Amino acid sequence: MAGNITLTMIKPEAVAKNYIGPILNMINEAGFKIAAMKLTKLSTRQAEAFYAIHSDKPFYADLVDFMSSGPIVAAILERDNAVEEFRKLIGATNPENAEEGTIRKQYAESLQKNAVHGSDSDENALVEADFFFANSDRVDYM
Ligand code: UDP
Ligand code: MG
(Lines give C-alpha, C1' and ligand atoms only; values in the text may rest on other atoms or scores of the structure.)
(Ligands and ions follow the chains in the order given, each with its own letter.)
Protein backbone atom coordinates (compact mmCIF):
# COMPACT_ATOMS: atom_id res chain seq x y z
CA MET A 1 0.00 0.00 0.00
CA ALA A 2 2.81 2.46 0.85
CA GLY A 3 3.63 4.43 -2.27
CA ASN A 4 0.19 3.90 -3.74
CA ILE A 5 -1.82 6.63 -2.07
CA THR A 6 -1.84 10.38 -1.81
CA LEU A 7 -4.17 12.82 -0.08
CA THR A 8 -5.75 15.68 -1.96
CA MET A 9 -7.99 18.56 -1.01
CA ILE A 10 -9.96 20.64 -3.47
CA LYS A 11 -9.50 24.01 -1.77
CA PRO A 12 -12.29 26.43 -0.78
CA GLU A 13 -12.00 28.79 -3.76
CA ALA A 14 -12.13 25.92 -6.26
CA VAL A 15 -15.18 24.40 -4.56
CA ALA A 16 -16.86 27.85 -4.56
CA LYS A 17 -16.18 28.20 -8.30
CA ASN A 18 -17.83 24.82 -9.02
CA TYR A 19 -14.57 23.18 -10.05
CA ILE A 20 -15.14 19.95 -8.07
CA GLY A 21 -16.39 18.09 -11.15
CA PRO A 22 -13.74 19.28 -13.62
CA ILE A 23 -10.90 18.66 -11.15
CA LEU A 24 -12.15 15.15 -10.28
CA ASN A 25 -12.38 14.49 -14.01
CA MET A 26 -8.71 15.41 -14.50
CA ILE A 27 -7.81 13.19 -11.52
CA ASN A 28 -9.70 10.21 -12.97
CA GLU A 29 -8.30 10.77 -16.48
CA ALA A 30 -4.78 10.67 -15.00
CA GLY A 31 -5.45 7.17 -13.71
CA PHE A 32 -6.13 7.81 -10.04
CA LYS A 33 -8.86 5.91 -8.25
CA ILE A 34 -10.75 7.52 -5.40
CA ALA A 35 -10.32 5.36 -2.30
CA ALA A 36 -12.21 7.73 0.03
CA MET A 37 -13.83 11.14 -0.42
CA LYS A 38 -15.84 13.71 1.48
CA LEU A 39 -17.09 17.27 1.36
CA THR A 40 -16.24 18.95 4.64
CA LYS A 41 -15.22 22.25 6.20
CA LEU A 42 -12.08 22.67 8.29
CA SER A 43 -12.26 24.55 11.58
CA THR A 44 -9.48 27.02 12.28
CA ARG A 45 -7.97 24.48 14.63
CA GLN A 46 -8.10 21.69 12.03
CA ALA A 47 -6.49 23.89 9.37
CA GLU A 48 -3.76 24.86 11.85
CA ALA A 49 -3.12 21.18 12.58
CA PHE A 50 -3.14 20.09 8.95
CA TYR A 51 -0.59 22.77 8.01
CA ALA A 52 1.41 22.61 11.27
CA ILE A 53 4.53 21.87 9.20
CA HIS A 54 4.25 25.45 7.87
CA SER A 55 3.58 27.12 11.24
CA ASP A 56 6.84 29.08 11.10
CA LYS A 57 6.17 30.46 7.62
CA PRO A 58 5.00 34.02 6.98
CA PHE A 59 2.02 32.75 4.95
CA TYR A 60 0.75 30.37 7.67
CA ALA A 61 -1.91 32.56 9.33
CA ASP A 62 -3.44 33.62 6.01
CA LEU A 63 -3.31 30.04 4.75
CA VAL A 64 -5.17 28.80 7.83
CA ASP A 65 -7.82 31.52 7.41
CA PHE A 66 -8.25 30.66 3.75
CA MET A 67 -8.37 26.89 4.22
CA SER A 68 -11.05 27.22 6.91
CA SER A 69 -13.08 29.79 4.96
CA GLY A 70 -15.43 27.40 3.18
CA PRO A 71 -16.14 23.82 2.15
CA ILE A 72 -13.39 21.64 0.75
CA VAL A 73 -13.31 18.16 -0.76
CA ALA A 74 -10.83 15.76 0.81
CA ALA A 75 -9.95 12.50 -0.94
CA ILE A 76 -7.52 9.62 -0.77
CA LEU A 77 -6.27 8.81 -4.28
CA GLU A 78 -4.77 5.50 -5.29
CA ARG A 79 -2.32 4.83 -8.12
CA ASP A 80 1.18 3.50 -8.61
CA ASN A 81 3.68 6.08 -7.36
CA ALA A 82 0.71 8.22 -6.28
CA VAL A 83 2.54 11.05 -4.49
CA GLU A 84 4.96 11.85 -7.29
CA GLU A 85 2.45 11.33 -10.11
CA PHE A 86 -0.10 13.54 -8.38
CA ARG A 87 2.44 16.31 -7.79
CA LYS A 88 3.09 16.20 -11.56
CA LEU A 89 -0.63 16.40 -12.28
CA ILE A 90 -1.23 19.39 -9.99
CA GLY A 91 1.81 21.41 -11.12
CA ALA A 92 3.88 24.02 -9.31
CA THR A 93 2.67 25.62 -6.07
CA ASN A 94 2.57 29.01 -7.77
CA PRO A 95 0.19 28.65 -10.74
CA GLU A 96 2.26 31.20 -12.67
CA ASN A 97 4.96 28.49 -12.80
CA ALA A 98 2.61 25.55 -13.40
CA GLU A 99 2.90 23.73 -16.69
CA GLU A 100 0.14 23.49 -19.30
CA GLY A 101 -2.18 20.60 -18.64
CA THR A 102 -1.80 20.73 -14.88
CA ILE A 103 -4.70 21.26 -12.49
CA ARG A 104 -3.18 24.40 -11.01
CA LYS A 105 -2.45 25.89 -14.43
CA GLN A 106 -6.06 25.37 -15.38
CA TYR A 107 -7.93 26.13 -12.15
CA ALA A 108 -5.74 27.98 -9.63
CA GLU A 109 -6.26 31.68 -9.07
CA SER A 110 -3.17 32.60 -7.01
CA LEU A 111 -0.22 31.23 -5.04
CA GLN A 112 -2.49 30.82 -2.01
CA LYS A 113 -5.73 29.93 -3.81
CA ASN A 114 -4.11 27.24 -5.88
CA ALA A 115 -7.10 24.90 -6.28
CA VAL A 116 -5.71 21.68 -4.81
CA HIS A 117 -3.49 20.15 -2.17
CA GLY A 118 -1.27 17.13 -2.80
CA SER A 119 0.84 15.23 -0.26
CA ASP A 120 4.60 15.75 -0.53
CA SER A 121 5.80 12.30 0.61
CA ASP A 122 4.51 8.76 1.18
CA GLU A 123 4.90 9.29 4.91
CA ASN A 124 2.84 12.49 4.90
CA ALA A 125 0.24 10.90 2.61
CA LEU A 126 -0.47 8.32 5.31
CA VAL A 127 -0.62 10.96 8.05
CA GLU A 128 -2.90 13.17 5.96
CA ALA A 129 -5.17 10.27 4.98
CA ASP A 130 -5.58 9.46 8.67
CA PHE A 131 -6.31 13.13 9.37
CA PHE A 132 -9.52 12.92 7.31
CA PHE A 133 -10.51 9.27 7.15
CA ALA A 134 -10.98 6.16 9.24
CA ASN A 135 -9.87 2.85 7.72
CA SER A 136 -13.55 1.91 7.42
CA ASP A 137 -14.10 4.93 5.10
CA ARG A 138 -11.66 3.53 2.56
CA VAL A 139 -12.30 1.32 -0.44
CA ASP A 140 -9.48 -0.99 -1.47
CA TYR A 141 -9.35 -1.62 -5.23
CA MET A 142 -6.22 -3.77 -5.17
N1 UDP B 1 1.26 29.09 0.16
C2 UDP B 1 1.08 30.46 0.24
N3 UDP B 1 2.17 31.28 0.04
C4 UDP B 1 3.41 30.80 -0.21
C5 UDP B 1 3.59 29.40 -0.29
C6 UDP B 1 2.50 28.57 -0.09
O7 UDP B 1 -0.02 30.93 0.48
O8 UDP B 1 4.35 31.59 -0.39
C9 UDP B 1 0.12 28.20 0.38
C10 UDP B 1 -0.39 27.52 -0.88
O11 UDP B 1 -1.82 27.40 -0.78
C12 UDP B 1 0.29 26.16 -0.81
C13 UDP B 1 0.25 25.89 0.70
O14 UDP B 1 0.51 27.18 1.27
O15 UDP B 1 -0.42 25.20 -1.56
C16 UDP B 1 1.26 24.90 1.19
O17 UDP B 1 2.54 25.29 0.74
P18 UDP B 1 3.55 24.22 0.14
O19 UDP B 1 4.88 24.88 0.02
O20 UDP B 1 3.47 22.96 0.93
O21 UDP B 1 2.99 23.99 -1.35
P22 UDP B 1 2.26 22.73 -2.01
O23 UDP B 1 2.86 21.48 -1.39
O24 UDP B 1 0.79 22.87 -1.71
O25 UDP B 1 2.56 22.83 -3.47
MG1 MG C 1 3.13 20.96 0.56
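The values are calculated or read from the model by the stated rules, or taken from the named source; none is laboratory data. Treat the numbers as computed from the prediction; the structure is a model and nothing was measured. Heads up, the Cβs are rebuilt from the backbone with ideal geometry, glycines too, and the neighbour counts pull from every protein chain shown. Quick note on the areas: whole protein, heavy atoms, side chains included, nothing else; ligands and nucleic acids left out. Shrake-Rupley method; radii C 1.70, N 1.55, O 1.52, S 1.80 Å.
Just checking, does the stretch 47-68 include any residue being closer than 14 Å to Val15 by Cα and touching a residue at least 60 places away in the same chain (Cβ under 8 Å)? Looking for residues that are closer than 14 Å to Val15 by Cα and touching a residue at least 60 places away in the same chain (Cβ under 8 Å), one finds none in the stretch 47-68, hence no. Under the condition of being over 13 Å from the mean Cα position of the chain (by Cα), within 14 Å of ligand 2 (Cβ to nearest atom) and open to solvent by less than 80 Å² (accessible area, probe 1.4 Å), the residues counted in the stretch 122-134 number 1. The residues listed here are Gly118, Gly31; of these, the one that is surrounded by fewer than 16 Cβ atoms within 10 Å (Cβ to Cβ), touching a Lys or Arg at 6+ places or on another chain (Cβ under 9 Å) and at pLDDT 95 or above is Gly31. A Cβ distance below 6 Å, combined with a sequence gap of six or more or placement on separate chains, defines the contacts here; from the stretch 113-142, residues that are farther than 19 Å from Phe50 by Cα reach residues that are open to solvent by 20 Å² or more (accessible area, probe 1.4 Å) and at pLDDT 95 or above in the pairs Tyr141/Lys33. Looking only at residues of the stretch 43-57 that are within 15 Å of ligand 1 (Cβ to nearest atom) and part of a loop (DSSP other than H, G, I, E, B), we find that the one that is most open to solvent (accessible area, probe 1.4 Å) is Asp56. Set side by side, the residues Leu39, Leu77, Leu7 differ, and just one is open to solvent by 40 Å² or more (accessible area, probe 1.4 Å), under 13 Å from the mean Cα position of the chain (by Cα) and either within 23 Å of Phe133 (Cβ to Cβ) or free of Cβ contacts under 8 Å to residues at least 24 places away in the same chain (or both), which is Leu39.
The set of residues in the stretch 96-109 being within 16 Å of ligand 2 (Cβ to nearest atom) and open to solvent by 20 Å² or more (accessible area, probe 1.4 Å) consists of Asn97, Ala108.
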